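The values are calculated or read from the model by the stated rules, or taken from the named source; none is laboratory data. Source: prediction; values computed, not measured. Backbone-built Cβ (ideal geometry, glycine too); neighbour counts: all protein chains shown. We work out accessible area using only protein heavy atoms, side chains counted, and drop any ligands, DNA or RNA first. Shrake-Rupley method; radii C 1.70, N 1.55, O 1.52, S 1.80 Å.
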Amino acid sequence: MTETTPDIAAPLAVVILAAGKGTRMKSDLHKVLHPIAGRPMLLHLMASVAQVAPAHQVVVVGSGREQLEKAVGDTATIAVQDPQHGTAHAVQQAQSALAGFTGDVLVLYGDVPFVRAETMRTMIARLHADDAPAVVVLGFEPDDALAYGRVIAKQGLVRKMVEFKDASAIDRATTLCNSGLLVARAQDLFALLARVDNDNAQSEFYLPDVVNIALADGRGAAVVVTGDADEVAGINSRAELAQAEECWQVRRREAAMADGASLVAPHTVWFAWDTVVGRDVVIEQNVVFGPGAVVADKVVIHAFCHIEGAHVASGASVGPFARLRPGADLAEGSKVGNFVEVKKAKLGKGAKVNHLSYVGDADVGAAANLGAGTITCNYDGYFKYRTVIGERAFIGSNSALIAPVRIGADAIVAAGSTVSRDVSDGELRLVRAEQLVKPGWADRFHDAMKKKKAEKKG
């Protein structure tokens, strides 16, 4: 496919079909809201649509209207197809929302989430070519044509569109398949839709029939062919969802490495749709990114970490077996070690939380050191409270800091302390019960118990 960026004055409306019942998903969640890389598939598509700046967006739904309205907010108009009589009938439901619109209408599918903006632009450019076709469709050539509808074309001009169930053996031998996507001028599209009938194997109103009607009228129809079949892959089941996830992840891993990150075992690293990874980053095995993760240059992320909604500054080190939850903010050169969880907490430059700790709702000063087993006790069952730890403070192992509490700069909290009051700068805080020493007590205890056990056996 030749990519073109047209300079076209005609406004654009996008109609996204999402009325399918999605029964193969076996889910209460609407099919097009199932996530890929942590983002609903519909929103993947709408992000690409936003790049072509449509004047109108209409999402055609069947069941699950409330879910879709919540997902798209005010970015699109919702139209309802009820009952559902096929794809042509579905597009007709957008007509009232586009009343008076005279620009181009691009028809997409909510369960075909990876259509690129470049492809949309190329289709629109073809519509406005010198031969002015009535309709432009997007075709593709998969490795296995399966039961896709066929596009019978010659030199880029469509001769016939046919659904697989209605196709002859000769038609089925054609490898050019119909993605379902098309673009037409609004006045042409809705006039053609009004003439579609359901005289076919499924008694449905097929959208591709608008092409056949235009051809019967002596109008031209063109096909644009994408060279990437994955771009138009539809998702109808959990298995296909998993395949789409894997396809997306493979490309994202390749992009990360091309941009200068090292992935030790690429197939074990999982990115979110918005993960940002800098240069000279090392990511070891089995690392998972949730949405909202930003990793700067020269960061090392050791194996088995989960990072979501967190910012990791240059030169920081994370893991292994660490969890950074939303709001975690690691400054330059800071370190979060094994079995450490950080949530809504800022670690200053060079601060260290090396192992077996929970740091939540906290500010940790530069060069502070939190020993193994340190816990910020931030929740009383009703409200969250903040812990502030000053620069260069040292928190001994197995300490509990009961928020709200402030530990001063250069302060030391002795190991095993439970701190519920502020600690001043440079102060030592030691909170332990007085140790009792009873010489010989353990020997006498062992002797007594051994004697008792022997008597029971006797």
Qualifying residue in segment 359-369 (condition: under 14 Å from A328 (Cα atoms) and among the acidic types (D, E)): yes
Go over the candidates D217, D143 one by one and state the one that is open to solvent by 20 Å² or more (accessible area, probe 1.4 Å), among the acidic types (D, E) and in contact with a helix residue (DSSP H, G or I) (Cβ under 8 Å, 6 or more places away or on another chain). D143
Residue match in segment 9-23 (condition: in contact with a helix residue (DSSP H, G or I) (Cβ under 6 Å, 6 or more places away or on another chain), under 27 Å from R253 (Cα atoms) and touching a residue at least 12 places away in the same chain (Cβ under 8 Å)): no
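With the condition kept exactly as written, say whether any residue in segment 327-350 is hydrophobic (A, V, I, L, M, F, W, C) and closer than 16 Å to F394 by Cβ.
Of the residues in segment 327-350, the ones hydrophobic (A, V, I, L, M, F, W, C) are 328, 330-331, 336, 339-340, 342, 345, 347.
Add one more test, that the residue is closer than 16 Å to F394 by Cβ, and what stays is 347.
Yes, the conditions are met somewhere in segment 327-350.
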From the set of residues in segment 90-113 that are open to solvent by 10 Å² or more (accessible area, probe 1.4 Å) and of a type in the set (G, A, S), which is nearest to W273 (Cα to Cα)? A97
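Based on what the data block shows, is R150 of a type in the set (K, R), touching a Ser or Thr at 6+ places or on another chain (Cβ under 8 Å), surrounded by 15 or more Cβ atoms within 10 Å (Cβ to Cβ) and touching a residue at least 40 places away in the same chain (Cβ under 8 Å)?
Answer is no for this residue.
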Out of the residues in segment 302-349 that are within 17 Å of A372 (Cα to Cα) and open to solvent by 40 Å² or more (accessible area, probe 1.4 Å), which is nearest to the chain's Cα centre (by Cα)? R323
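Just to be sure, is W273 surrounded by fewer than 19 Cβ atoms within 10 Å (Cβ to Cβ), in contact with a strand residue (DSSP E or B) (Cβ under 8 Å, 6 or more places away or on another chain), closer than 30 Å to V137 by Cα and among the hydrophobic types (A, V, I, L, M, F, W, C)? Can you show your working first?
Numbers: surrounded by fewer than 19 Cβ atoms within 10 Å (Cβ to Cβ): yes; in contact with a strand residue (DSSP E or B) (Cβ under 8 Å, 6 or more places away or on another chain): yes; closer than 30 Å to V137 by Cα: yes; among the hydrophobic types (A, V, I, L, M, F, W, C): yes.
The answer is yes for W273.
Of the residues Q202, Q285, Q243, which is part of a helix (DSSP H, G or I), among the polar types (S, T, N, Q) and open to solvent by 10 Å² or more (accessible area, probe 1.4 Å)?
Details: Q202 fails: part of a helix (DSSP H, G or I); Q285 fails: part of a helix (DSSP H, G or I).
Residue meeting the stated conditions: Q243.
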Inspect segment 179-195 for any residue being buried (at least 22 other Cβ atoms within 10 Å of the Cβ), at pLDDT below 95 and not small (G, A, S) and give the result as yes or no. no
It is to be established whether one or more residues within segment 72-89 are open to solvent by 50 Å² or more (accessible area, probe 1.4 Å), on the phi > 0 side of the Ramachandran plot and within 23 Å of the chain's Cα centre (by Cα). no
List every residue pair whose Cβ atoms lie under 8 Å apart, where the two residues are 6 or more positions apart in sequence or sit on different chains, the first residue falls within segment 271-299 and is without any contact (Cβ under 8 Å) to a residue 24 or more places away in the chain and on the phi > 0 side of the Ramachandran plot, and the second residue, located anywhere, is outside any loop (DSSP other than H, G, I, E, B) and buried (at least 22 other Cβ atoms within 10 Å of the Cβ). none
